[in-house]
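Peer 1: For reference, the structure I am asking about is given below.
The values are calculated or read from the model by the stated rules, or taken from the named source; none is laboratory data. Just so you know, these numbers come straight off a predicted model, no measurement behind them. When we count neighbours, we look across all protein chains shown, and the Cβ atoms used for this are built from the backbone with ideal geometry, even at glycine.
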Amino acid sequence: MADLPLSGIRVCDLTWIIAGPTATRVLADFGAEVIRVEHAQAVDAIRLGRPIVGDGPTLNNSGFFSYFNRNKKSILLNVRHPMGMDVLKKLIAASDVVVENFSSGVMESWELDYPQLKAIRPDIIYCSISGFGHSGRDKAFTTWGPTAQALCGLAITSGLPGKMPAGWGYSYMDHTAGYAGAIAIMAALHHRNRTGEGQHIDISQVEAGIVLNGPAVLDYTVNGRSWRREGMPPGNHAWEPAVAPHNTYRCAGDDRWVAIAAMNDAEWQALVRAMDEPAWAADPRFATNAGRLAHQEGLDARIAAWTAPQEDYAVMALLQAAGVRAGVCQRASDRFERDPQLAARDWWHRLEHGEMGEVDYDGVVPKLSLTPGQLRSAGPLLGQDTWSVLEEVAGMTPEEIAEHEAMGVLM
């Protein structure tokens, strides 16, 4: 791993579910040694969800868990036991970074808030990810990815005109906060390289979402327009800039769709030519963008009638060749089985998992030309690295480890 950007960086990973594991996954992909501290009596919930082999969930057959925890190690440690806390402090002392995404106050209750972590290792970088952050009136409130989306204002800006808010999909804010965490940790590592100083990174999932809500805030601040007025949010139609056609259209097959956007008159004319210049396209109502917007419903119906009998990928290829922005509304299976672009960019990889056998993993984003990230190992079995980590990182002897195991500390 000597050629990876984060080689030599050790992360004590106290995370769970999605937000924290997303941050540490990025670090692991680029070479950091990430040690997940787990407890068999309170396992990460995603270890028990979405098994991809076997008849039911075990602690090790969750594709969900393996996806977020590739390239990581796993140790079992009961930190509620005094001897377990002592071991954890040894790991922290040997680590560059500590990451957790508990509710605000949990680490303080363990006597492991930033001042106490700093006493263990003065240059430690401590990243906490929580719903509202570790300060302010709402710091004790608990959230989940979808509730964070609602609280930051994103959920209400999504959906179709005249419909209830649709939200932004599953745990979008967990992923976003995780990416923010990874970026912040790398910035803090750079700062420490220059100054020798560690620091506390305090990430609020709600704040991570607010910055994505900029267009709605700006529209209200500058124009006095609320995004919950009649006709907003616009669904698949474009409103800024307002152009037509701009929608998704049904194609042949079961629930197959293609997105088409013509951003100006030249692209509209290119679309007309690609459709073999149907007579209806010469209607004066569609000659200008203003006319197409005024008659958008009828325009969409005519384009949908053209796409309906055709295969979605064929429509995309035809329109892209004509210079029209078009893309298939892909399913997960499409990206896995049918997407030649992902295949050309070596996106999918197979890794050997201790219980599930060969498992497919997506690639590393972004691609660095000199020091690209690597997929080195599948998600770990629960506690598979306990002995090796305690020997090599915590400096414990086999006899000490065996004693801790007998005392119920390593569970």
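Matching residues to (1) modelled with pLDDT of 90 or more; (2) in contact with a Ser or Thr (Cβ under 8 Å, 6 or more places away or on another chain); (3) among the small types (Gly, Ala, Ser); (4) at positive phi:
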| position | (1), (2), (3), (4) |
| --- | --- |
| Trp168 | no, yes, no, no |
| Ile183 | yes, no, no, no |
| Arg194 | yes, no, no, no |
| His200 | yes, yes, no, no |
| Glu207 | yes, no, no, no |
| Gly214 | no, no, yes, no |
| Asn223 | no, no, no, no |
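Peer 1: On to the next question. Please verify whether region 156-169 includes one or more residues that are outside any loop (DSSP other than H, G, I, E, B) and surrounded by fewer than 16 Cβ atoms within 10 Å (Cβ to Cβ).
Peer 2: Looking through region 156-169, none of the residues is outside any loop (DSSP other than H, G, I, E, B) and surrounded by fewer than 16 Cβ atoms within 10 Å (Cβ to Cβ).
Peer 1: Sort through Arg47, Arg80 and tell me the only one that's at pLDDT 95 or above and either of a type outside the set (Ser, Thr, Tyr) or under 16 Å from the mean Cα position of the chain (by Cα) (or both).
Peer 2: Checking each option against the conditions leaves just Arg47.
Peer 1: Can you report the number of residues in region 1-32 which are touching a His at 6+ places or on another chain (Cβ under 8 Å) and on the phi > 0 side of the Ramachandran plot?
Peer 2: Counting residues in region 1-32 that are touching a His at 6+ places or on another chain (Cβ under 8 Å) and on the phi > 0 side of the Ramachandran plot gives 0.
Peer 1: Suppose we filter Arg350, Arg338 for residues that are of a type in the set (Lys, Arg) and either surrounded by 14 or more Cβ atoms within 10 Å (Cβ to Cβ) or touching a residue at least 12 places away in the same chain (Cβ under 8 Å) (or both); which single one remains?
Peer 2: After ruling out the rest, the residue left standing is Arg338.
Peer 1: Counting just the residues of region 299-339 that are aromatic (Phe, Trp, Tyr) and closer than 18 Å to Val258 by Cβ, which one comes out farthest from the chain's Cα centre (by Cα)?
Peer 2: Top of the filtered list is Trp306.
Peer 1: If I filter region 176-183 for residues that are touching a Pro at 6+ places or on another chain (Cβ under 8 Å) and in contact (Cβ under 8 Å) with a residue 60 or more places away in the chain, do I get at least one hit?
Peer 2: Scanning region 176-183, I find at least one residue that is touching a Pro at 6+ places or on another chain (Cβ under 8 Å) and in contact (Cβ under 8 Å) with a residue 60 or more places away in the chain, so the answer is yes.
A quick yes/no check of all residues on (1) surrounded by 15 or more Cβ atoms within 10 Å (Cβ to Cβ); (2) out of contact with any Gly (no Cβ under 8 Å at 6 or more places or on another chain); (3) modelled with pLDDT of 95 or more:
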position	(1), (2), (3)
Asp362	no, yes, no
Ser377	yes, yes, yes
Gly383	yes, yes, yes
Thr386	yes, yes, yes
Leu390	yes, yes, yes
Thr397	no, yes, yes
Glu403	no, yes, yes
Val409	yes, no, yes
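Peer 1: Ok, one more. Please go through region 356-396 and give me each residue that is under 30 Å from Glu337 (Cα atoms) and among the acidic types (Asp, Glu), ordered by number.
Peer 2: Hits for region 356-396 are Glu358, Asp360, Asp362.
Peer 1: In addition: Please pick out the residue among Ile75, Ile35 that is assigned by TED's automatic domain parsing to the domain that holds Met186 and farther than 19 Å from Gly178 by Cα.
Peer 2: Within the list Ile75, Ile35, the selection yields Ile75.
Here is a yes/no grid of residues against (1) hydroxyl-bearing (Ser, Thr, Tyr); (2) in a loop (DSSP other than H, G, I, E, B); (3) not assigned by TED's automatic domain parsing to the domain that holds Ile46:
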site	(1), (2), (3)
Asp360	no, no, no
Ser369	yes, yes, no
Arg376	no, yes, no
Pro380	no, yes, no
Trp387	no, no, no
Ala402	no, no, no
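Peer 1: Looking at (1) closer than 18 Å to Ile9 by Cα; (2) not assigned by TED's automatic domain parsing to the domain that holds Val34, can you tell me which one Asp339 breaks?
Peer 2: (1)
Peer 1: Then there is this: From the list Ala270, Ala290, Ala242, exactly one residue is surrounded by fewer than 12 Cβ atoms within 10 Å (Cβ to Cβ), out of contact with any strand residue (DSSP E or B) (no Cβ under 9 Å at 6 or more places or on another chain), among the aliphatic types (A, V, I, L, M) and farther than 18 Å from Trp168 by Cβ. Which is it?
Peer 2: When all the criteria are applied, what remains is Ala290.
Peer 1: Out of (1) at pLDDT below 95; (2) crowded, with 16+ Cβ neighbours inside 10 Å; (3) of a type in the set (D, E, K, R), the odd one out for Asp300 is which?
Peer 2: Result: Asp300 fails condition (1) only.
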